[in-house]
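The values are calculated or read from the model by the stated rules, or taken from the named source; none is laboratory data. None of the values given here were measured: they were computed from a predicted structure. Quick reminder, even Gly has a Cβ in these numbers, built from the backbone with ideal geometry, and neighbours come from all protein chains shown.
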Amino acid sequence: AWLRRLTEVLGRLAQEKDPLRLMPLLLDTAIELTSAERGFLVRVLSPGSLRVEVARGFDKESLRGDAGQVSRTV
């Protein structure tokens with residue numbers, strides 16, 4: 001099942017040109033394949049400067065709120 005899902009995602013990646021649509025797809029797939037509760041796609045803007053591009057829960061809902069409200073454990 002894992003390999004089948006990965007193959008599906010790779011096919012969509014090859015077709016999708018809009019990075020704004022790719023980011024949630026990548027993150028949702030990573031969450032699904034790793035059975036994580038939540039995930040974050042973080043962009044490094046410059047040394048020491050980060051921006052959370054996408055934050056999602058297992059239910060594919062966007063996570064919102066202050067950074068202090070998000071668990072920082074792995």
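Tally up the residues in the stretch 24-42 that are within 11 Å of the chain's Cα centre (by Cα) and closer than 20 Å to Thr7 by Cβ, please. It would help to see each step written out before you state the result.
Taking the stretch 24-42 and keeping what is within 11 Å of the chain's Cα centre (by Cα), we get 24-32, 36, 38-42.
From what is left, the residues that are closer than 20 Å to Thr7 by Cβ are 24-32.
So the count comes out to 9.
Screening Leu27, Leu33, Leu41, Leu22 for residues that are in a helix (DSSP H, G or I), closer than 21 Å to Ala55 by Cα, in contact with a helix residue (DSSP H, G or I) (Cβ under 9 Å, 6 or more places away or on another chain) and touching a residue at least 12 places away in the same chain (Cβ under 8 Å) leaves exactly one candidate, Leu33.
The residues in the stretch 1-19 that are more than 20 Å from Glu53 (Cα to Cα) and either under 11 Å from the mean Cα position of the chain (by Cα) or assigned to a loop (DSSP other than H, G, I, E, B) (or both) can be counted, and the count is 1.
The residue list Leu45, Leu63, Leu27 contains one member that is surrounded by 14 or more Cβ atoms within 10 Å (Cβ to Cβ) and modelled with pLDDT of 85 or more, which is Leu27.
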